[in-house]
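Trainee: Once you've had a glance at the structure underneath, I'll fire off some questions.
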Amino acid sequence: MATIGARIAERDRRRFVGRRPELAFLERCLEGETDAAVVFVHGPGGIGKSTLLRELARRAGACGRRAHFVEGRELAPAPLALDEALGPAREDAAPLVLIDTYELMGALDGYLREQVVTHLPERALVVIAGRERPSRGWFEGGWEGLAVALELGGLSSDEAHELLSAHGVEEGERAIDLVAWAEGSPLALALASDDALATAPSPAPGREGREDDLERPELVRALIHRLAQAEIDGPHPGPLAVAAVARVTTIDLLREVLPDVDAVQAYMWLRERSFAEPLGEGIALHDLVRKALHADLRHRDLDRERMLRRRIVDHLHARARAGHELLSIDLAHLMENEAIRWGFSWEGSGEYRVDEVRPGDADEVRERLGERDVPERWPHVAPYFERAPERISLVRDLSDRIRGFQLSVTIDTAPAFADEDVLLGPWLAHARERADGRDAVLWQAAVDFTGDPRGRVQSMLGMSGILRSGVVNPRFCYLPIDPRMENAVRFAQMSGGVHVEELDRSFGAPVKQQCWVIDFGLGGLVGAQRNLVYAELGLVPPPTVPVARTGAAEETGRAVARSEDELAPDPVTVEDVREALRNLRIPHKLAVSPLASGTTQERRAASVRARIDDAAARAFGATPNEELLRKVLVRGYLDPAPSHEQAADELALSRAAYFRRLRAAAERVAALVAESA
């Protein structure tokens, strides 16, 4: 008689897609064609580890091998419980042992290795699935020849569409949106394929994208519950919210954005989450978890989300101006304008990567230009592949196929033959006529071979051109825009570009490549990025302080000179003073404060400190309570202790009493500074 369990198993079988390389390897292990006796399948939540184990069990069953399942969520953390669970496997001549949710069995790791696996039959295969990488013990002392780590990544775009089809979602714009949003996660695709979501109405006219449809509270709650709920419940909701908004979270970022939190302790807690991984100078949440947490934060506390985004963009902007040009990627991450993200963002980095030119790439690019019906472009880019490949970057997918390429130069990096280029030659001449021409990046080509309307490859081509240019913070961009591409035209317009018709050029095709020039202003690209985020938040950005720019090889020193009167601070608010108090030890942050005056970073930072020191000297009386307020301000901000907790201990105050007095003292100083502004 058919059972409900059989129906569930059949439904699960029909909905399984992809994972062909992983299954091929595991089947070779089953057949004894490799030395592997233990295989660790690891990857973030929702990536399909459990589904892979079930498919392997089905295939093993078809070959007469019995699977023995152990579920970490159901196992007591005691050796006896593990022994009992695997008792039947010891009686099997060739058991397939499948252990799932292994991250919950960490206490049994050594016992499993030394006391359990060693006593299994010789033909046994143990496949362990968990979010974390296997411990070092599995790869030393002789185990290195028997244990294999198999990292599970996201589904490819084709596999994701295949999974949607298995869930009843037909090909079309909705499917494309779901695939882009899910970032290869089978769990996200399965949840979003629910009929009510899959048939969600299109957005109202004028709405940017369809992200809101995919951030419905019910879907967000389901994702959080399935991906990370057990690890989210903890003592650090503030740092988790920061990590949900920021692309990369560092100790310095936590310290500036959440001044009342122990940044080191919070960072260490975040780092221990199984859905966090090292990235750059800090850590990043797995993208699907981050998206779900960010959407949940918006639903629950939009004001807090907006405050965090503003503080994060201020921190990143200050560091980017100080020379950390890679933070332009992180600034782009905070922008929500889809038209601009189409041309400048790093969203596709989970599925694509930027690479150098390799032997054979030129032939592949020529072939793909033909497939895109623009073969006339090849003769104009071919010389750069041959003589200046360093000016080209490629975007490749997970299978190493070329999915797009860009060719960009600056006045300082353009090869000599670029002056003869039908497109770049006139553009370079135009840029040289500008006073700040060396701060310009000029694209000869930026071709996306995928046709993805969200522009994930296109945006990476734009960002890679900026980062490879050698200009720390470019002011101008010269862009070749195909007028038939609505997204490209819209990007140029929304970025403040101007169509310079006399620089339009034809490559022999009926339609000319238009030249659009974007002037980001005195603050350069990073200033424009910050200003855009402020505009999205409905805020007026702080005044732009011009800085000397660095070209590809030398300091150009072309900052617009201003007198001290011209840089005099605008009227300030109490919140401006509070921000300055929190950043009193960070010169580049103080330099962009509305309290600052002067023409250099050092003088502007010093002017803020002087104003605050003067107010602090006048803010308190001679009574014991007034003296205590002064001491709290000193140890909290002016001469800060290593942490607020240590300051409270030094002053013999409870944590609550310390923070209450710190707020009172800061507000008093802030009021004095604001009154005298």
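Trainee: If the requirement is being in a helix (DSSP H, G or I) and either touching a residue at least 40 places away in the same chain (Cβ under 8 Å) or within 19 Å of ALA339 (Cα to Cα) (or both), which of these qualifies: SER393, SER459?
Mentor: The conditions single out SER459.
Trainee: Right, something else. Are any of the residues in the range 611-633 at pLDDT below 85, closer than 29 Å to ALA318 by Cα and among the basic types (Lys, Arg)?
Mentor: no
Trainee: Quick one: would you say ARG273 is assigned to a loop (DSSP other than H, G, I, E, B), within 19 Å of the chain's Cα centre (by Cα), at pLDDT below 90 and not assigned by TED's automatic domain parsing to the domain that holds ARG585?
Mentor: When the stated conditions are applied, ARG273 passes them.
Trainee: Let me ask something additional. Confirm whether PRO587 is over 22 Å from ASP314 (Cα atoms) and modelled with pLDDT under 85.
Mentor: It is false that PRO587 is over 22 Å from ASP314 (Cα atoms) and modelled with pLDDT under 85.
Trainee: Which ones in the range 126-165 are assigned to a helix (DSSP H, G or I) and free of Cβ contacts under 8 Å to residues at least 12 places away in the same chain?
Mentor: Scanning the range 126-165 gives ARG136, PHE139, GLU144, ASP158, SER165.
Trainee: Please specify each residue of the range 396-426 satisfying the condition of being assigned to a loop (DSSP other than H, G, I, E, B), among the hydroxyl-bearing types (Ser, Thr, Tyr) and touching a Lys or Arg at 6+ places or on another chain (Cβ under 9 Å).
Mentor: THR410, THR413
Trainee: So if I check each of ARG401, ARG387, ARG391, ARG432, which one is among the basic types (Lys, Arg) and in contact with a strand residue (DSSP E or B) (Cβ under 8 Å, 6 or more places away or on another chain)?
Mentor: ARG391
Trainee: Name the residues in the range 315-340 that are in contact with a Phe, Trp or Tyr (Cβ under 9 Å, 6 or more places away or on another chain) and in a helix (DSSP H, G or I), would you?
Mentor: SER328, ILE329, ASP330, ALA332, HIS333, ALA339, ILE340
Trainee: Name the one entry in ASP109, ASP83 that is part of a helix (DSSP H, G or I), modelled with pLDDT under 90 and more than 18 Å from ALA37 (Cα to Cα).
Mentor: ASP83
Trainee: When only residues in the range 482-522 that are β-branched (Val, Ile, Thr) and surrounded by 21 or more Cβ atoms within 10 Å (Cβ to Cβ) count, which is farthest from LEU428 (Cα to Cα)?
Mentor: ILE518
Trainee: Looking at ARG438, ARG377, ARG353, ARG366, which one is in contact (Cβ under 8 Å) with a residue 24 or more places away in the chain, surrounded by fewer than 18 Cβ atoms within 10 Å (Cβ to Cβ), assigned by TED's automatic domain parsing to the domain that holds GLU486 and basic (Lys, Arg)?
Mentor: Among ARG438, ARG377, ARG353, ARG366, only ARG353 is in contact (Cβ under 8 Å) with a residue 24 or more places away in the chain, surrounded by fewer than 18 Cβ atoms within 10 Å (Cβ to Cβ), assigned by TED's automatic domain parsing to the domain that holds GLU486 and basic (Lys, Arg).
Trainee: I'm trying to understand the selection: among the residues of the range 658-677, which are without any contact (Cβ under 8 Å) to a residue 40 or more places away in the chain and more than 38 Å from the chain's Cα centre (by Cα)?
Mentor: GLU675 - this is the single residue of the range 658-677 that is without any contact (Cβ under 8 Å) to a residue 40 or more places away in the chain and more than 38 Å from the chain's Cα centre (by Cα).
Trainee: Looking at the range 544-564, can you tell me whether even one residue there is under 29 Å from the mean Cα position of the chain (by Cα), modelled with pLDDT of 70 or more and either of a type in the set (Phe, Trp, Tyr) or not assigned by TED's automatic domain parsing to the domain that holds LEU633 (or both)?
Mentor: Checking the range 544-564: at least one residue is under 29 Å from the mean Cα position of the chain (by Cα), modelled with pLDDT of 70 or more and either of a type in the set (Phe, Trp, Tyr) or not assigned by TED's automatic domain parsing to the domain that holds LEU633 (or both).
Trainee: I've got another one for you. Got a sec? Which of GLY46, GLY32, GLY61 is within 24 Å of MET105 (Cβ to Cβ) and outside the structural domain of LYS291 (by TED's automatic domain parsing)?
Mentor: GLY46
Trainee: If you go through the range 316-361, how many residues are acidic (Asp, Glu) and over 17 Å from the mean Cα position of the chain (by Cα)?
Mentor: Looking only at that region, the number is 3.
The values are calculated or read from the model by the stated rules, or taken from the named source; none is laboratory data. For clarity, every value in this text was computed on a predicted model and none was experimentally measured. FYI the Cβ positions are ideal-geometry reconstructions off the backbone, even for glycines, and counts take in every protein chain you see.
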